[in-house]
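Just so you know, all these numbers are worked out from the coordinates, no wet-lab data involved. Predicted model only: the values in this text are computed from it and were never measured. Neighbour counts run over all protein chains shown; Cβ positions are idealised from the backbone, glycine included.
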Amino acid sequence: MAKFLVENKGPLKGEVTISGAKNAVLPIMAATLLTDEECRILDVPDLRDVEVMCKILESLGVDVDADFDGNTLSLAAKNILSNETPVELVRRMRASILTMGPLLARTGSARAPLPGGCAIGARPIDLHLKGFELMGAEIEYGTGYVEARAKRLKGGRVYLDYPSVGATENIMTAAVLAEGTTIIENVAEEPEIVDLANYLNKMGAKIRGAGTDTIKIEGVDKLHGAKHCVIPDRIETGTFMVAAAITRGDVIIKNVVPDHVRPIIAKLTECGAIVEDVEDGLHVKADENPLVATDIKTLPYPGFPTDMQSQFMALLTTVQGKSTVIETVFENRYMHVTELNRMGAGISIEGRSAVIPGDIKLRGAQVMSTDLRAGAALVLAGLTAEGVTEISEIYHIERGYSEFVDKLRKLGAQITRVE
Ligand code: UD1
């Protein structure tokens with residue numbers, strides 16, 4: 001099994017360029033199922049999750065031409081051969097559920113294995129199914145799977161009890177080919193939703209309101225092929241911002257939309273780091289002021305992202321004073337705490353709150369990456385710890401960070417991947 005060995009080589013310095021967003025490219029790839037014409041996606045990050053989505057699409061009959069060196073994908077769903085996402089691929093990646101909306105809209109049925117619990121919580125899909133049902137689909141539960149069927153979906157009004165990212169995406173991609181108008185209320189407002197809507201509109205869809213809490217979709221009869229460049233990854237951006245801060249470094253981060261990372265800029269600034277806009281990016285300096293504690297509460301966008309909670313927690317162990325983190329999006333997203341505590345962090349948890357005492361000099365240890373962002377947090381912790389940090393189960397990290405090791409090394413980090 002591959003591992004990362006990470007050592008403290010002082011402050012990170014230099015420039016890093018962010019890749020296309022994982023959470024934008026996955027629903028966009030699934031949405032290519034909506035047309036029989038070829039679609040081209042640019043700025044595609046070279047990630048395990050993208051490879052898995054390619055495999056899923058291939059299993060459904062899509063012609064996939066992937067050029068990872070050129071960060072381009074050409075996808076053509078001329079004939080759809082199956083309406084069922086293979087169980088072994090769903091187990092590897094929850095985002096595979098995003099094929100359900102497009103499959104239902106294009107073929108009249110979609111069957112998916114029920115995604116079980118995962119490391120960061122139960123993650124049900126009740127809201128996705130509620131949306132399909134309100135558009136006239138019949139939902140049937142079998143042993144270990146769920147199937148949605150509708151000859152043609154009908155526009156309807158859907159209110160989401162929680163602004164779920166995946167449910168918003170699945171319902172939106174189902175509604176684009178429905179008969180009549182669909183209004184979805186209390187939707188997720190994440191930049192990835194806006195990117196998906198922009199892509200669907202290029203395919204001929206009629207979507208308005210993406211990025212606000214209500215999306216209105218006028219159904220059309222047919223969609224066509226489109227070319228689309230994916231937005232930069234705001235979580236990768238945030239991770240490098242925290243990498244600069246935790247090592248008290250000075251890093252310029254390119255290919256960034258600063259508006260997408262406002263909560264991270266705000267919190268780093270509260271800690272005493274300096275974050276400035278530069279052309280096409282951000283400059284993060286943490287080598288001037290001592291960094292101090294701050295409190296964080298994760299929320300749906302534009303609140304502080306749950307996907308940055310663990311990385312920020314690693315930083316907060318090293319600053320002056322006590323910080324509190326409250327996780328409200330997922331019920332069990334503190335797996336990294338046990339690992340950070342192996343490194344001497346001294347974090348305590350009560351329910352959804354974590355208290356980070358701060359003023360800690362972390363120590364290298366053998367730790368395990370329990371999920372994608374938890375793994376990134378351990379790498380960041382290792383960059384500032386005394387001694388060697390050995391991180392196992394790094395396939396989680398490789399699911400979502402493109403060329404992580406190379407990018408960190410170019411900034412002066414000591415990190416090696418060993419088999
Ligand atoms: C997406 C992101 C993930 C991020 C998360 C929250 C992708 C591929 N993944 O995941 O990186 O951490 O948004 O920003 O874009 N829920 C329900 N019922 C549902 C759906 C969700 O109760 O039908 C709950 C979940 O259990 C969770 C919360 O809603 O507690 C948020 O989940 P959701 O926004 O759906 O996250 P994902 O789309 O799975």
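Hydrodynamic analysis of the stretch 222-315 uses the Kirkwood radius over alpha carbon pairs. Inserted into Stokes-Einstein at 37 °C and 0.692 mPa s, it gives a translational diffusion coefficient of 236 µm²/s. Its Cα gyration tensor gives the stretch 272-346 an equivalent ellipsoid, and the semi-axes of that ellipsoid, as √(5λ) in whole Å with the largest first, are 23, 18, 11.
Measuring between alpha carbons in the structure, the pairs from K13/K361; K3/K285; K55/K227 lying more than 26 angstrom apart are K3/K285. Database remark: amide H of Y159 closer than 5 angstrom to the amide H of E185 (H placed geometrically; neighbours at sequence offset of 5 or more, or on other chains; Pro and chain starts carry no H). Does the stretch 365-419 come out rounded, prolate or oblate, given a ≥ b ≥ c as the square roots of the eigenvalues of its C-alpha gyration tensor, rounded meaning a/c under 1.5 and, failing that, prolate meaning a/b above b/c? Taking the square roots of the gyration eigenvalues as a ≥ b ≥ c, the stretch 365-419 is oblate.
Near the amide H of Q414, within less than 5 Å, lie the amide hydrogens of E7, K9, all on another chain or at least 5 residues away, with H placed in the peptide plane. The length gained on full extension between M335 and H224, counted as 0.36 nm times the residue separation minus their Cα-Cα distance, comes to 35.6 nm. Across the stretch 248-292, Cα-Cα distances exceeding 18 Å account for 21% of all pairs.
Computed from the Kirkwood radius of its Cα pairs, the Stokes-Einstein diffusion coefficient for the chain at 4 °C and 1.567 mPa s stands at 59 µm²/s. Peptides 98-106, 75-83, 263-271, ordered by how many other C-beta atoms sit within 10 Å of their residues on average, highest first, read 98-106, 263-271, 75-83.
Based on the Cβ-Cβ distance of E58 and S353, what FRET efficiency does E = 1/(1 + (r/R0)^6) give at R0 = 45 Å, to the nearest 0.05?
0.55
Near the amide H of T72, within less than 5 Å, lie the amide hydrogens of V44, D67, all on another chain or at least 5 residues away, with H placed in the peptide plane. Once you list every other residue whose beta carbon is under 12 Å from the beta carbon of G70, what net charge do they have if Lys and Arg are +1 and Asp and Glu are -1? Around G70, the charge tally is -4. Remark: the stretch 294-305, residue by residue, has Karplus-estimated 3J(HN,Hα) of 8, 10, 9, 10, 7, 8, x, 3, x, x, 5, x Hz, where x stands for each Gly or Pro and the curve is 6.51 cos²θ - 1.76 cosθ + 1.60 at θ = phi - 60°. As a proxy for reagent exposure, ranking K55, K227 by other Cβ atoms within 10 Å from fewest up yields K227, K55.
Over all alpha-carbon pairs in the stretch 216-373, figure out the percentage whose distance exceeds 22 Å.
45
With only alpha-carbon atoms in the gyration tensor, what are the semi-axes of the equivalent ellipsoid for the stretch 288-419, in Å, largest first?
Ellipsoid semi-axes (Å, largest first): 22, 18, 14.
For the chain, what is the relative contact order in percent, using Cα pairs closer than 8 Å and at least 6 residues apart in sequence? Value for the chain: 20 percent. Total lysine pairs in the stretch 81-223 at Cα distances under 19 Å, for residues eight or more apart or on different chains: 11.
Counting Cα-Cα pairs of the stretch 306-369 in 5 Å increments starting at 0 gives whole-percent bin shares of 4, 19, 32, 27, 14, 4. Summarising the label geometry, the points placed 7 Å from Cα in the beta-carbon direction at D67 and L5 lie 3.8 nm from one another. Computed from phi, the 3J(HN,Hα) profile of the stretch 160-176 under the Karplus parametrisation 6.51, -1.76, 1.60 (θ = phi - 60°) reads 7, 5, 9, x, 5, 5, x, 5, 4, 5, 5, 6, 4, 6, 6, 6, 4 Hz, with x in place of Gly and Pro.
If you wrap the Cα atoms of the stretch 226-270 in a convex hull and average its projected area over all directions, you get 3.5 nm². Note that the stretch 1-105, at 10 °C in a medium of 1.306 mPa s, gets a Stokes-Einstein diffusion coefficient of 105 µm²/s from its Kirkwood radius over C-alpha pairs. Coupling constants for the stretch 144-150 follow from the phi torsions by the Karplus curve (6.51 cos²θ - 1.76 cosθ + 1.60, θ = phi - 60°), and in residue order they are x, 9, 9, 10, 10, 9, 6 Hz; glycine and proline get x.
Within the shell of other residues whose beta carbon sits under 11 angstrom from the beta carbon of E185, the net charge comes to 0, with Lys and Arg scored +1 and Asp and Glu -1.
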